[in-house]
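Structure first, then comments.
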Amino acid sequence: MSSSIWIVRDYEKCTGCRRCELACSMAHENWMWPEASRIRVFMPFPGLEVPHLCAQCDNYPCVTSCPFKALSIDKNTTAVVVDREKCTSCGLCIKACPGTVPFLHPRDNKATICDLCGGNPECVKVCREADYNALRLVHERMNTNRKLFARNPIDVARYLASKIFGEKGKELID
């Protein structure tokens with residue numbers, strides 16, 4: 001088993017401030033463009049914010065689904081890397097992802113996934129600086145089931161709604 005890094009989320013600490021989206025878009029796009037951010041914050045119901053990004057699943061279904069070999073795994077960070085020259089925008093990586101995390105970039109329509117900012121994620125920095133700590137960088141061996149975090153944000157919101165508001169809360173999402 002190899003050592004890796006990834007971003008763990010504490011959903012209940014997320015305030016929905018979206019600083020993570022802005023920091024990501026500044027780092028990758030050089031301007032505040034949340035639609036192009038590699039992390040997205042979904043609010044399926046007021047009061048339930050769900051930070052959503054790649055969990056670097058242990059079997060990388062997005063990488064194995066790409067027939068054009070446009071996706072690979074960075075050996076230093078274990079992040080998914082997209083070769084934009086090879087990407088045909090077919091969307092198979094999006095369909096293969098258990099959390100539907102990859103998206104087609106609004107500028108070039110190519111697959112876009114969190115690259116962990118080369119090992120020093122901007123989203124984690126701004127979340128920590130704001131003292132929310134909803135996002136944390138974790139260094140660990142590849143034995144955690146990260147697919148627990150690779151879920152559709154609506155499913156996460158259903159879980160949070162029932163946890164925070166009881167069974168009545170789950171009905172709010174349905």
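The values are calculated or read from the model by the stated rules, or taken from the named source; none is laboratory data. As the structure is a prediction and not an experimental result, all values here were calculated from the model. No Cβ is skipped: glycine too gets one built from the backbone with ideal geometry, and neighbour counts run over all protein chains shown.
A few comments on the model shown:
- Counted residues, region 17-40 - those being farther than 21 Å from Ile94 by Cβ, out of contact with any Ser or Thr (no Cβ under 8 Å at 6 or more places or on another chain) and either of a type in the set (Gly, Ala, Ser) or in a loop (DSSP other than H, G, I, E, B) (or both): 5
- Selected residue (only one of Asp155, Asp131, Asp108, Asp115 is modelled with pLDDT under 90 and of a type outside the set (Lys, Arg)): Asp155
- Scanning region 15-35 for residues being in contact with a strand residue (DSSP E or B) (Cβ under 7 Å, 6 or more places away or on another chain) and modelled with pLDDT of 95 or more gives a total of 3.
- Residues of region 41-62 satisfying the condition of being under 15 Å from the mean Cα position of the chain (by Cα) and either among the aliphatic types (A, V, I, L, M) or in a helix (DSSP H, G or I) (or both): Val41, Met43, Val50, Leu53, Ala55, Pro61, Cys62
- Among the numbered conditions (1) crowded, with 19+ Cβ neighbours inside 10 Å; (2) closer than 23 Å to Gly16 by Cβ; (3) modelled with pLDDT of 80 or more, the only one that Val82 does not meet is (2).
- Residues in region 1-16 that are of a type in the set (Lys, Arg) and assigned to a strand (DSSP E or B): Arg9 alone.
- Neighbours by Cβ (under 6 Å, 6+ apart or cross-chain): first from region 157-174, under 12 Å from Phe45 (Cα atoms) and surrounded by 16 or more Cβ atoms within 10 Å (Cβ to Cβ); second modelled with pLDDT of 65 or more and polar (S, T, N, Q): Gly169/Ser162; Lys170/Ser162
- Count of residues meeting criterion [polar (S, T, N, Q) and either touching a residue at least 40 places away in the same chain (Cβ under 8 Å) or in contact with an Asp or Glu (Cβ under 9 Å, 6 or more places away or on another chain) (or both)] in region 79-133: 4
- Residue match in region 93-115 (condition: closer than 16 Å to Cys24 by Cα, out of contact with any strand residue (DSSP E or B) (no Cβ under 7 Å at 6 or more places or on another chain) and surrounded by fewer than 19 Cβ atoms within 10 Å (Cβ to Cβ)): yes
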